[in-house]
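The values are calculated or read from the model by the stated rules, or taken from the named source; none is laboratory data. These numbers come from a predicted model, not from an experiment. Cβ placement follows ideal geometry from the backbone for every residue including glycine, while neighbour counts extend to all protein chains displayed.
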Amino acid sequence: MKITIGHNNTHLGANNHSIRWYVMILSLIIFLTASNIGICASGANSPSEDPIIIVLLALIVILVIAKIGGDLVMRIGLPAVVGELAIGILIGNISLLGFKYFDPIKTNEHIKILSEIGVIILLFQVGLESDLRKMVRVGKSAFLVATLGVIFPLLLGWGVAKLFLPNESNYVHLFIGAILCATSVGITARVLLDLGKT
C-alpha cells in the first residue's frame, strides 16, 4: 500500500513537471506569435506580406489560448467551452488595457470565415451524435426551458432598459432585451457535447 502511494506521488510529481513545461512552452509560443502578429500588422520589419502567415499565427494563438482556458475551468468541473469563452472575451478586450497585439485577429476576414466554418462543423458534429429517442423523451421540458430562456431575458432586459432609459423608444428597450437573450445554439450544443449529453 505504501509502495502504491509513493508511486502515485511520483507519478503526480512527473505530471506536474510536464504540465509546467507544457505551460512554459505554450506561453513562449503565444508571446512570439502575438509579437509576430503585431509586427505583421504594423508593416514594419514584416517577414512576409503573405496573409497566410498572419492567419496561421492567429490560429496558433487562438487554439493555444482556448485550450489553456478550457483546461483551467475543467479542473473546477465546468465544461471547457466556459473557459474558452472567458479567455476569448479577455483576449478580445485586452486592447482596452493598451495591449494591441491581438487586434489583427479580431479584424482578419480569413479568421472570420474560418470561425464560421468551425461553427458549422460543431453543429454538424452535434447532429451526428444526437439521439432522437432521447430528444423525444425530454422534448416538453427542453421546449419549456428554451422558451423561458428566451422570453425571460427578453422581458427582463426590456423592463430594465425602460427603467434606466425612459426617454428612449420601445424599439431601443426591445433591442436591449434581445441582446440579453442567450440564443446561440453553438454554445448550448458545445456544452452538451462536453457534458456527454448529446
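Taking the stated definitions as given, is Ser95 free of Cβ contacts under 8 Å to residues at least 24 places away in the same chain and under 24 Å from Gly177 (Cα atoms)? Talk me through it step by step, then tell me what you get.
Numbers: free of Cβ contacts under 8 Å to residues at least 24 places away in the same chain: yes; under 24 Å from Gly177 (Cα atoms): no.
Judged against the criteria, Ser95 is not a match.
Of all positions in segment 123-137, at least one carries a residue that is among the basic types (Lys, Arg), outside the structural domain of Leu85 (by TED's automatic domain parsing) and closer than 24 Å to Val81 by Cβ.
Looking at segment 148-169, can you tell me whether even one residue there is among the polar types (S, T, N, Q) and in a helix (DSSP H, G or I)? Even if it seems obvious, please write down each step before you answer.
Start the filter on segment 148-169 by keeping residues that are among the polar types (S, T, N, Q), which leaves 167, 169.
Next, only the ones that are in a helix (DSSP H, G or I) stay: none.
There is no residue in segment 148-169 that is among the polar types (S, T, N, Q) and in a helix (DSSP H, G or I).
Would you mention how many residues in segment 59-87 are assigned to a helix (DSSP H, G or I) and either in contact (Cβ under 8 Å) with a residue 40 or more places away in the chain or of a type outside the set (Gly, Ala, Ser) (or both)? Talk me through it step by step, then tell me what you get.
Step one: list which residues in segment 59-87 are assigned to a helix (DSSP H, G or I), which gives 59-74, 80-87.
Imposing the further condition that a residue be either in contact (Cβ under 8 Å) with a residue 40 or more places away in the chain or of a type outside the set (Gly, Ala, Ser) (or both) reduces the set to 59-65, 67-68, 71-74, 80-82, 84-85, 87.
Result for segment 59-87: 19.
For first residues located in segment 168-186 and under 16 Å from Phe152 (Cβ atoms), partners that are modelled with pLDDT of 85 or more and part of a loop (DSSP other than H, G, I, E, B) and lie 6+ apart or on another chain with Cβ distances below 8 Å form the pairs His173/Leu165; Ile176/Leu165.
Filtering segment 109-144 to residues that are more than 20 Å from Ile53 (Cα to Cα) and of a type in the set (S, T, N, Q) leaves Gln125, Ser130, Ser141.
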